[in-house]
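Worksheet for the structure shown next.
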Amino acid sequence: MFGNRQLLAAAVLVVIAAACGSGGATSSQTAGPISAPSSASAPATAVPSSEVEGATGSSGVPATGTGAAIGGLVAKGGDYCGLLGAGDFTAAGTAGTAATVENFDDSGNYFCIYADDSGATGGVEFDARVGDPGPTYQQITAGAGIVAPDATADLPGVDKAGTVLDGPGGMAGIAVCEGQLCFEIDAPTTPGVRDRLLALARLVVQRSIGLTS
């Protein structure tokens, strides 16, 4: 859980409310490059945050025949929210997800929300950053209440991985660092959530080729 998550979530709600009040007007922006192309693309859903300079948003790429967005390989400097999609959460057993609402800042933090306001309120969220892993991992674990890298052995090849199953707001989460890539996945605390978080983390690790160094 990156430190400014709740400010971002609040800003997203303000923008959505403003859009509804103006008669449904919408805007779109183009997401960063995804190195694995798809035969079908969904329109971008731009939800900029007034709290983060240069923030923008986009939806994922739909899986053929399912209507649900799935993730894929992402080039360094690209749209890291593209590593996971709502379809990945559904396949792992986390229901109720929708098209990704994205925010990112000039520091390279990507905040990707799939249900509710944020992971901190019991929603579904994926955050990622490529950079110095030391302070990033500390920031994630401090915000999520992760006290030990208890999942490192469950994800061969990663440097650190820790979980929390009873975090604030009914949140369960996993934080992972592999090389320069650090990410966090949050979902509601329900039976079997640790296994689901590990399955999603494995997907991110598999898709992060080229992001870890």
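Applying the selection to segment 75-96, what residues are assigned to a loop (DSSP other than H, G, I, E, B) and not small (Gly, Ala, Ser)?
Initial filter on segment 75-96 (assigned to a loop (DSSP other than H, G, I, E, B)): 75-79, 84-85, 93-96.
Selection gives Lys76, Asp79, Leu84, Thr94.
Considering only segment 178-210, state which residues are surrounded by fewer than 24 Cβ atoms within 10 Å (Cβ to Cβ) and outside any helix (DSSP H, G or I).
If the condition is that a residue be surrounded by fewer than 24 Cβ atoms within 10 Å (Cβ to Cβ) and outside any helix (DSSP H, G or I), then Glu178, Gly179, Gln180, Pro188, Thr189, Thr190, Pro191, Gly192, Ser208, Ile209, Gly210 are the ones that fit.
For Val101, state whether it is over 16 Å from Val204 (Cβ atoms), surrounded by 19 or more Cβ atoms within 10 Å (Cβ to Cβ) and at pLDDT 90 or above.
Values: over 16 Å from Val204 (Cβ atoms): yes; surrounded by 19 or more Cβ atoms within 10 Å (Cβ to Cβ): yes; at pLDDT 90 or above: yes.
It is true that Val101 is over 16 Å from Val204 (Cβ atoms), surrounded by 19 or more Cβ atoms within 10 Å (Cβ to Cβ) and at pLDDT 90 or above.
Conditions (1) more than 14 Å from Ala201 (Cα to Cα); (2) modelled with pLDDT of 90 or more; (3) of a type in the set (S, T, N, Q); (4) buried (at least 20 other Cβ atoms within 10 Å of the Cβ), marked per residue:
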site	(1), (2), (3), (4)
Pro62	yes, no, no, yes
Gly65	yes, no, no, no
Ala68	yes, no, no, no
Val74	yes, yes, no, yes
Tyr80	no, yes, no, yes
Phe89	no, yes, no, yes
Ala92	no, yes, no, yes
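Restricting to segment 161-213, what's the tally of residues that are of a type in the set (A, V, I, L, M, F, W, C) and either within 13 Å of the chain's Cα centre (by Cα) or closer than 21 Å to Gly78 by Cα (or both)? Steps first, answer last, please.
In the first step, residues of segment 161-213 are kept if they are of a type in the set (A, V, I, L, M, F, W, C); the result is 161, 164-165, 171-172, 174-177, 181-183, 185, 187, 193, 197-201, 203-205, 209, 211.
So of that shortlist, the ones also either within 13 Å of the chain's Cα centre (by Cα) or closer than 21 Å to Gly78 by Cα (or both) come out as 174-177, 181-183, 185, 187, 197, 200-201, 203-205, 209, 211.
Total satisfying the criteria: 17.
Against the definition (without any contact (Cβ under 8 Å) to a residue 24 or more places away in the chain and assigned to a strand (DSSP E or B)), how does Gly108 come out, yes or no? Show your work before the answer.
Working: without any contact (Cβ under 8 Å) to a residue 24 or more places away in the chain: yes; assigned to a strand (DSSP E or B): no.
No.
Just for segment 157-177: of the residues that are surrounded by fewer than 17 Cβ atoms within 10 Å (Cβ to Cβ) and assigned to a strand (DSSP E or B), which one is modelled with the highest pLDDT?
My answer is Leu165.
Which condition breaks for Asp117 when tested against (1) within 21 Å of Gly78 (Cα to Cα); (2) in contact (Cβ under 8 Å) with a residue 60 or more places away in the chain; (3) acidic (Asp, Glu)?
(1)
I need the full set of residues from segment 66-97 which are closer than 20 Å to Leu198 by Cβ and of a type in the set (Ser, Thr, Tyr), in order please.
The answer is Tyr80, Thr90, Thr94, Thr97.
Which one of these is surrounded by fewer than 19 Cβ atoms within 10 Å (Cβ to Cβ), closer than 22 Å to Ala161 by Cα and acidic (Asp, Glu): Asp132, Asp106? I'd like the intermediate steps shown before the answer.
Numbers: Asp106 fails: closer than 22 Å to Ala161 by Cα.
Sole residue among the options that is surrounded by fewer than 19 Cβ atoms within 10 Å (Cβ to Cβ), closer than 22 Å to Ala161 by Cα and acidic (Asp, Glu): Asp132.
Sort out which residues of segment 130-158 are acidic (Asp, Glu) and out of contact with any helix residue (DSSP H, G or I) (no Cβ under 7 Å at 6 or more places or on another chain), and write them in order of number.
The answer is Asp132, Asp150.
Is segment 143-154 home to any residue that is part of a helix (DSSP H, G or I), free of Cβ contacts under 8 Å to residues at least 24 places away in the same chain and of a type in the set (A, V, I, L, M, F, W, C)?
Scanning segment 143-154 turns up at least one residue that is part of a helix (DSSP H, G or I), free of Cβ contacts under 8 Å to residues at least 24 places away in the same chain and of a type in the set (A, V, I, L, M, F, W, C).
The values are calculated or read from the model by the stated rules, or taken from the named source; none is laboratory data. Every value quoted in this text rests on a predicted model; they were computed, and no experiment measured them. Glycine gets a Cβ as well: all are built from the backbone with ideal geometry, and neighbour counts include every protein chain shown.
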